[in-house]
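This report concerns only the one structure given below.
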């Protein structure tokens, strides 16, 4: 007797919201906290040594009106302020906690700043070279662009994070069901299929494309002759994560660098501290390049439009010239201030149709930057 199967319920796509079940409005909060167990292909990495945190709470942080406002918001998951080996402040929603992982979405992209900086410092990568110089098989969507332009989200092509190719990348990473014809997609052929014309960015700000992160990861792998997974292991070991770093991959084991990682709020703070320490990992390990991080702040890329005026996109981070950080879909942001050695992490999950609120970020980023700047 043949036993019939059904499509995996977590990955079935709603025809109304065009999203997999785990990311639907009514299920998104649970999905963000558990997608690392729901995807078809997920790699989990854990450090052999841990950066120990000790509490040294500065209650003036919790007394701030803006902190109280965001802490009480419906989308709030967690807030952590850390410096060195100290937690200066932390707060969590009732359904969250210091050890619970959550999807951090595009904050994942900051890994490229580390990888690119190391490759530049080692003399194996030139940001002014074209992508096709390193990836001759890449398509017209990226081939003629410089590595710098891709890192700064400063190119135009036919890819959109809301388009069919982005959906294909989600399917390739196992976050939604593959096409009904039985085709199993993988990330890099999809990247090669992205097309473009003159690639000049004319929108007056970053032309944000998550596929650019995967292209840069491929470049790093090609020039360093090291798999992206090896780079991620080194970052995890250097940050000294206490829990696991989870990242969705395709069937070939290629990690999704555009926004597919999950980790706890405390471990996200440990990650941000790598930048706050200008690239130095635990036990004095060289993880990122200090000069590259400083250049990221000094030589920014395109200016974000309103409501993020005063912020630039630079080498796969957002910066105001002092901090480096990144937003994550769903209502998340991370700030690292190398001048004070402070990291601030905010995690949340918006349960609205769009899954985000752009008007939230100016006040959130201002609050986080001010806290990070305090000595």
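For region 51-74, the set of residues classified as under 24 Å from residue 237 (Cβ atoms), out of contact with any helix residue (DSSP H, G or I) (no Cβ under 8 Å at 6 or more places or on another chain) and part of a loop (DSSP other than H, G, I, E, B) consists of 52 only. In the set (1) closer than 26 Å to residue 333 by Cα; (2) touching a helix residue (DSSP H, G or I) at 6+ places or on another chain (Cβ under 8 Å); (3) modelled with pLDDT under 95, residue 162 fails one condition alone, (2). Considering 106, 77, the condition of being within 23 Å of the chain's Cα centre (by Cα), at pLDDT 95 or above, outside any helix (DSSP H, G or I) and surrounded by 15 or more Cβ atoms within 10 Å (Cβ to Cβ) is satisfied by 77 alone. Checked against (1) in contact with a helix residue (DSSP H, G or I) (Cβ under 7 Å, 6 or more places away or on another chain); (2) surrounded by 17 or more Cβ atoms within 10 Å (Cβ to Cβ); (3) not in a helix (DSSP H, G or I), residue 87 passes all but a single condition, namely (1).
Of all residues in region 24-34 being in contact (Cβ under 8 Å) with a residue 40 or more places away in the chain and out of contact with any strand residue (DSSP E or B) (no Cβ under 9 Å at 6 or more places or on another chain), which is surrounded by the most Cβ atoms within 10 Å (Cβ to Cβ)? The qualifying residue surrounded by the most Cβ atoms within 10 Å (Cβ to Cβ) is 28. Scanning region 302-311 for residues that are touching a helix residue (DSSP H, G or I) at 6+ places or on another chain (Cβ under 9 Å) and at pLDDT 95 or above yields a single hit, 311. Which of the residues spanning region 353-371 are over 20 Å from residue 342 (Cα atoms) and loosely packed, with under 15 Cβ neighbours inside 10 Å? If the condition is that a residue be over 20 Å from residue 342 (Cα atoms) and loosely packed, with under 15 Cβ neighbours inside 10 Å, then 353, 354, 358, 359 are the ones that fit. Restricting region 170-189 to residues that are touching a helix residue (DSSP H, G or I) at 6+ places or on another chain (Cβ under 6 Å) and buried (at least 20 other Cβ atoms within 10 Å of the Cβ), the residue that is farthest from residue 220 (Cα to Cα) is 176. Looking only at residues in region 273-297 that are over 20 Å from the mean Cα position of the chain (by Cα) and either under 20 Å from residue 47 (Cα atoms) or modelled with pLDDT under 95 (or both), the one that is surrounded by the fewest Cβ atoms within 10 Å (Cβ to Cβ) is 284.
Scanning region 196-222 for residues that are farther than 16 Å from residue 316 by Cβ and touching a helix residue (DSSP H, G or I) at 6+ places or on another chain (Cβ under 9 Å) returns 199, 222.
I'd like the residue in region 42-64 that is over 30 Å from residue 173 (Cβ atoms) and exposed (fewer than 15 other Cβ atoms within 10 Å of the Cβ) and, out of all such residues, is modelled with the lowest pLDDT. Among them, the one singled out is 59. Considering 60, 37, the condition of being out of contact with any strand residue (DSSP E or B) (no Cβ under 6 Å at 6 or more places or on another chain), without any contact (Cβ under 8 Å) to a residue 40 or more places away in the chain and within 15 Å of residue 247 (Cβ to Cβ) is satisfied by 37 alone.
Scanning region 151-164 for residues that are touching a residue at least 40 places away in the same chain (Cβ under 8 Å) and surrounded by fewer than 21 Cβ atoms within 10 Å (Cβ to Cβ) yields 156, 160, 161. Among the residues making up region 325-343, those that are closer than 15 Å to residue 278 by Cα and either surrounded by fewer than 24 Cβ atoms within 10 Å (Cβ to Cβ) or in contact with a helix residue (DSSP H, G or I) (Cβ under 6 Å, 6 or more places away or on another chain) (or both) are 335, 336, 337, 338, 339, 340, 341, 342, 343.
Criterion applied to 99, 95 was being surrounded by fewer than 17 Cβ atoms within 10 Å (Cβ to Cβ), touching a residue at least 60 places away in the same chain (Cβ under 8 Å), touching a strand residue (DSSP E or B) at 6+ places or on another chain (Cβ under 9 Å) and within 28 Å of residue 76 (Cα to Cα), and the one residue passing it is 95.
For region 1-38, the tally of residues that are within 17 Å of the chain's Cα centre (by Cα) and either more than 18 Å from residue 262 (Cα to Cα) or in a loop (DSSP other than H, G, I, E, B) (or both) stands at 0. For region 218-227, the count of residues that are part of a helix (DSSP H, G or I), surrounded by 15 or more Cβ atoms within 10 Å (Cβ to Cβ), in contact with a strand residue (DSSP E or B) (Cβ under 8 Å, 6 or more places away or on another chain) and at pLDDT 95 or above is zero.
The values are calculated or read from the model by the stated rules, or taken from the named source; none is laboratory data. Keep in mind that this is a model prediction, so the values were computed, not measured. Please note: Cβ atoms are built from the backbone with ideal geometry, for glycine as well, and neighbour counts cover all protein chains shown.
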